[in-house]
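The values are calculated or read from the model by the stated rules, or taken from the named source; none is laboratory data. All values reported here derive from a predicted model rather than from experimental measurement. Note that each Cβ is placed from the backbone with ideal geometry, even for glycine, and that neighbours are counted across all protein chains shown.
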Amino acid sequence: MFGYINVNGSQLSEENKAVYQSYYCGLCRRLKEFCGKKGQVLLNYDMTFLVVLLTGLYEPETTCDEFTCMIHPMKKRTERDNEIEEYAAQMNVLLAYFNLIDDWKDDRDYTKKTIASLFEKDYLRVKENYPRQTAAVEHYIEKLSEYEREKQSNIDLAAGVTGEMLGEIFAWKQDEWYDELKTLGFYLGKFTYLMDAYEDFGKDEKKDSYNPLRYLKVEDEKEFETLCRLMMTSMMSECAKSFERLPILLHADILRNILYSGVWSKYEYIQLKKKKRKKT
């Protein structure tokens, strides 16, 4: 479920690229602080979006420092750090841990099982710190496994359980913004599930694996493509409405870039691959 909430770099100013990168670097360093160097391999742009979103809303005290990155040692890097970075790092660990466990259960991939075991103690610390969010992810894994066993054909149910989970992750605090952040996360989670199912459709069809898009009643490929695009557009429309109801001014340009453009990067890439296959 990782890899869909990205920026569109071609439509982002150089200043905003630098700001976004500094949050990404900050998240990387918080992962290292929380669970050592191994934590840095979990770094992703999805949780960077959460950092920028919650920072834009709550505007916490944020420091900005230069550091030397071991991967890019030739030039000083800039990191931004605040309490939301620490929260996102722990949510990153939580989601990645269960993602690895899920991969192990699905494919019996012993590599994933081994990697997951390395993060088990870190996961237990997250569970102690954030029981509400952990319970939401555990429920998500349980329900998703149930739907896969039953070969649940109702795609709204399957996507909805992902939305419920991400909604709880996005709702950092149970305060006046809880409901709106949960709504935003809910629709973004449903979109992410649909995009993931759409990307894996061909592979799942070949392997005869569970994918709720396989149960869509459509006449041909064109109708299938139209319906998939319509469902995903509907989810992002509701997500964007929720975002616009939040009083966010700080980093609003970066956030709109992601919600209105960046999230479609993977879809556009899939379309390019399909066009190339048709030509060959």
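Quick check on this structure: which one of 149, 108 is on the phi > 0 side of the Ramachandran plot, free of Cβ contacts under 8 Å to residues at least 24 places away in the same chain and not aromatic (Phe, Trp, Tyr)? Steps first, answer last, please.
Numbers: 149 fails: on the phi > 0 side of the Ramachandran plot.
Answer to the selection: 108.
Between a residue in segment 187-206 that is in contact (Cβ under 8 Å) with a residue 12 or more places away in the chain and any residue that is crowded, with 17+ Cβ neighbours inside 10 Å and of a type in the set (Phe, Trp, Tyr), which pairs come within a Cβ distance under 6 Å, given they are 6 or more apart or on different chains?
192/4; 195/4
Is there a residue being surrounded by fewer than 16 Cβ atoms within 10 Å (Cβ to Cβ), out of contact with any Phe, Trp or Tyr (no Cβ under 6 Å at 6 or more places or on another chain) and not in a helix (DSSP H, G or I) anywhere in segment 175-182? Talk me through it step by step, then tell me what you get.
Initial filter on segment 175-182 (surrounded by fewer than 16 Cβ atoms within 10 Å (Cβ to Cβ)): 175-176, 178-179.
From what's left, out of contact with any Phe, Trp or Tyr (no Cβ under 6 Å at 6 or more places or on another chain): 175-176, 178-179.
Keeping just the survivors that are not in a helix (DSSP H, G or I) gives 175-176.
Yes, segment 175-182 has at least one match.
Go through (1) modelled with pLDDT under 95; (2) within 15 Å of the chain's Cα centre (by Cα); (3) not charged (D, E, K, R) one by one and return the number of the condition residue 145 breaks.
Going through (1) modelled with pLDDT under 95; (2) within 15 Å of the chain's Cα centre (by Cα); (3) not charged (D, E, K, R) one by one, residue 145 breaks only (2).
For segment 213-255, enumerate the residues that are without any contact (Cβ under 8 Å) to a residue 24 or more places away in the chain and either of a type in the set (Val, Ile, Thr) or surrounded by 19 or more Cβ atoms within 10 Å (Cβ to Cβ) (or both).
Passing the criteria: 218, 226, 233.
Six or more apart or on different chains, Cβ under 6 Å: which pairs go from a residue in segment 154-173 that's buried (at least 22 other Cβ atoms within 10 Å of the Cβ) to one that's in a loop (DSSP other than H, G, I, E, B)? Could you list them?
What qualifies is 158/152.
Just to verify a result, which residue in segment 1-43, among those that are hydrophobic (A, V, I, L, M, F, W, C) and not in a helix (DSSP H, G or I), is modelled with the lowest pLDDT? Before the answer, list the steps.
Let us first name the residues in segment 1-43 that are hydrophobic (A, V, I, L, M, F, W, C), namely 1-2, 5, 7, 12, 18-19, 25, 27-28, 31, 34-35, 41-43.
Of the ones still in play, those that are also not in a helix (DSSP H, G or I) are 1-2, 5, 7, 12, 43.
Numbers: 1: 61, 2: 73, 5: 96, 7: 96, 12: 96, 43: 92.
Going through the qualifying residues, I end up with 1.
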